[in-house]
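The structure under discussion appears below in the form of structure tokens.
None of the figures in this text is laboratory data; all of them are computed from the coordinates on show. Just so it is clear, the model here is predicted, and its values are computed rather than measured. All Cβ positions, even for glycine, are placed from backbone atoms using ideal geometry, and neighbour counts span all protein chains on display.
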Amino acid sequence: MNHFDNQGKTLGNSFTPIRAFSEFQARKFMFAARGKKWCTSYLSESDAGVHKWKLFLKTLEEVTLDLPDECLSIA
């Protein structure tokens, strides 16, 4: 499934690094930015295949969606 930013640009072939104290905290940051509209998480760029798949860097600000409050829950 492909994902898009607020301008309708594809996020295919991209990755967003998030610095956090734990994977759970990183997931909370991503849910706050994108709701449930994101793919998966990895612990390192190597695990994600950043170099192998030639993925493009997108900052958290670039991928953040304008979401209503009810979309921001992890549950």
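Kirkwood hydrodynamic radius of the chain from all distinct Cα pairs, in Å? Display every interim value, and only then the final one.
On the way: mean 1/r = 0.0776 Å⁻¹.
After inverting the pairwise mean of 1/r, the radius is 12.9 Å.
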Problem - CD proxy at 222 nm, helix term only [per DSSP H run n ≥ 4: -39500 (n - 2.57); per residue of the chain; nearest 500] - result: -6500 deg cm²/dmol
Practice task
Search the structure for amide H atoms under 5 Å from the amide H of F4, placed 1.01 Å from N in the peptide plane, and list their residues when 5 or more places away or on another chain.
Solution key: L11
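With a sphere of radius 14 Å drawn around the Cβ of N2, what net charge do the other residues whose Cβ falls strictly inside it have (Lys, Arg +1; Asp, Glu -1)?
+3
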Fill in the blank from the handout: Ranking P68, N6, P17 by how far each Cα lies towards the positive end of the charge dipole of the chain (+1 on Lys and Arg Cβ, -1 on Asp and Glu Cβ), the top one is P17
Fill in the blank from the handout: Expressed in nanometres to one decimal, the distance between label points 7 Å along Cα→Cβ at L65 and A32 is 1.8 nm
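If you rank S44, S14 by fewest surrounding Cβ atoms within 10 Å, what's the result? Working shown, then result.
Details: S44 8, S14 16.
Lowest to highest Cβ neighbour count: S44, S14.
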Completion exercise
Scoring region 14-65 by relative contact order with C-alpha pairs under 8 Å, at least six apart, yields a percentage of 56 percent
Practice task
Pairs to check: K28/K54; K28/K52; K9/K37. Give those whose C-alpha atoms are more than 19 Å from each other in this structure.
Solution key: K28/K54; K28/K52
Practice task
Would you mind telling me which residue in F24, F56, F15 has the biggest mean-square fluctuation in a Gaussian network model of the chain, where springs connect alpha carbons within a distance under 10 angstrom?
Solution key: F24
Handout entry: Cα-projected label distance for K58 with Q25, points at 7 Å along beta-carbon direction, nm
Key = 2.5 nm
